[in-house]
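Contents: one structure, followed by commentary.
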Amino acid sequence: MPRQERSAATPVQELSTLLELWQWWLKEDYSLDLIVTDPSAQEGAPPIRHHFVFGPCDRREPAAEESFHFDCKLEALMDSLHRGEALPGCNKPTRIAGLRIVLFNQDLAYQASLETGPNKVEIVFDLSSVAFGKGRIPAYVRAVRMGRKWLIRPRHPEIVSLAGFEGDIDECLREIFLAASVAPHPYQEYIDANKAQYDEAMAMGRRIPE
């Protein structure tokens with residue numbers, strides 16, 4: 001997103017910057033699942049969770065009220081988010097509370113979601129172990145909008161060096177993933193205690209997180 005457009009961006013538009021980051025930098029290491037919770041076309045029916053999945057992964061059968069999309073163009077989805085339009089197959093434009101982005105491989109899953117409130121917009125990253133299917137670290141790191149800039153607030157001690165970093169949203173996202181890539185593995189104790197299970201998981205295909 002051009003700099004002159006960022007100051008007027010909505011929170012949904014800002015989170016879509018993560019899609020751009022994945023496309024040009026992270027797609028070799030992670031697959032991407034853009035999850036949109038969309039109201040049903042039938043009044044009173046449960047909402048549908050639409051998964052727009054990119055990158056290599058083993059497909060799974062959809063659960064109730066789930067729909068998978070594997071053939072969409074990422075640029076088209078980003079344009080729709082920027083314009084406030086409904087994504088393919090969805091009934092209504094994406095809302096803040098109904099949007100999540102998950103970056104995942106055989107090892108880790110980073111889940112980005114938005115938290116908003118009076119005078120508050122935050123992108124919150126939860127971290128979980130795909131290899132072990134447990135060990136979720138809520139609010140692993142946050143990016144908090146401060147006017148036109150964003151401030152990084154890490155929770156995990158291994159990336160505490162990010163505390164106080166301030167910049168545009170794409171600068172903050174780059175710093176978060178750079179720091180995570182050189183930090184000690186957040187689940188090293190699990191790996192040490194269950195090496196065979198970890199090696200088996202890493203040898204398997206990528207699984208779309210439940």
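Some points to look at:
- The chain: relative contact order as a whole-number percent, Cα under 8 Å and 6+ apart: 18
- Segment 165-210 versus segment 61-138: alpha-carbon centroid distance in Å: 18
- Full extension of the segment from ALA203 to VAL160, taken as 0.36 nm per residue of separation minus the current Cα-Cα distance, would add 12.4 nm.
- Which label in [x] 0.94; [y] 1.18; [z] 1.03 gives the computed Cα Rg over 2.2 N^0.38 Å: [z]
- Here the spin labels are modelled as points 7 Å beyond Cα on the Cα-Cβ line, and at TRP24 and PHE70 they lie 2.9 nm apart.
- Spatially proximal lysines relative to LYS134 (Cα-Cα < 25 Å; intrachain offsets below 8 disregarded): LYS27, LYS195
- About its Cα centre, the dipole of the chain is roughly 520 debye, where the only charges are +1 on Lys and Arg Cβ and -1 on Asp and Glu Cβ.
- Relative contact order (%) - segment 134-185, alpha-carbon pairs under 8 angstrom, separation at least six: 28
- Excluding ligands, DNA and RNA, the accessible surface per residue across the chain is 52 Å² with a 1.4 Å probe.
- List SER40, SER181, SER31, ordered by accessible area with a 1.4 Å probe, largest first: SER181, SER40, SER31
- Eligible lysines near LYS120 by straight Cα distance, threshold 28 Å, same-chain separation 8 or greater: LYS92, LYS149
- Across the options LEU19, THR94, ALA76, the greatest Cα extent toward the positive end of the charge dipole of the chain (unit charges at beta carbon of Lys, Arg, Asp, Glu) belongs to THR94.
- Within the chain, helices built from complete DSSP H runs that reach 18 Å or longer along their own axis (Cα positions) and carry a mean Kyte-Doolittle hydropathy of -0.5 or higher are 169-182.
- ASP107 accessible area, assembled protein chains, probe 1.4 Å, Å²: 20
- In this calculation the C-beta distance from ALA86 to ALA183 is compared with R0 = 41 Å, giving a FRET efficiency of 0.60.
The values are calculated or read from the model by the stated rules, or taken from the named source; none is laboratory data. Keep in mind that what you see is a predicted model, and the values were worked out from it rather than measured. As a convention, Cβ positions derive from the backbone with ideal geometry for all residues, glycine included, and neighbour counts pool all protein chains shown. For the accessible areas, the whole protein counts, side chains as well, though only heavy atoms, and no ligand, DNA or RNA atoms are used. Shrake-Rupley method; radii C 1.70, N 1.55, O 1.52, S 1.80 Å.
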